[in-house]
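Notes to accompany the following structure.
The values are calculated or read from the model by the stated rules, or taken from the named source; none is laboratory data. What you see is a predicted model; the values in this text were computed from it and never measured. When we count neighbours, we look across all protein chains shown, and the Cβ atoms used for this are built from the backbone with ideal geometry, even at glycine.
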């Protein structure tokens, strides 16, 4: 973990007992707020503990473990199903490119179907 980002919590972070506020978690993990919330909703990011009704915090040990899991997946070429679907769509050129390969857009295909009836 980038302990230089959180110098005040360096000693506690070494033991895994530090609570990291949202801004620190975003910086350490390199995520946007939307990216953080998406990962929380998908259940792939550690759940926060709530300091009060409006202030979430994360255990430094859990954030460190999440980063280590990402490194492990990268090093062992583990691809999540969501990433595999994204890679497959990019390989095929996306929906627009697929329609172009077929030679007609969806609305043109619908018009051709109606004319045949």
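May I ask you to list the residues in segment 50-62 that are part of a strand (DSSP E or B) and over 17 Å from residue 29 (Cα atoms)?
Correct list: 50, 51, 52, 55.
Residue check: is residue 24 modelled with pLDDT of 95 or more and in contact with a strand residue (DSSP E or B) (Cβ under 8 Å, 6 or more places away or on another chain)?
It is false that residue 24 is modelled with pLDDT of 95 or more and in contact with a strand residue (DSSP E or B) (Cβ under 8 Å, 6 or more places away or on another chain).
Got a number for residues in segment 27-57 being farther than 23 Å from residue 83 by Cβ and surrounded by 11 or more Cβ atoms within 10 Å (Cβ to Cβ)?
7
Do you know which of the residues in segment 63-85 that are exposed (fewer than 11 other Cβ atoms within 10 Å of the Cβ) and not in a helix (DSSP H, G or I) is modelled with the highest pLDDT?
76
Here is a check on your reading of the model: is residue 99 at pLDDT below 95, touching a helix residue (DSSP H, G or I) at 6+ places or on another chain (Cβ under 8 Å) and assigned to a helix (DSSP H, G or I)?
In short, yes.
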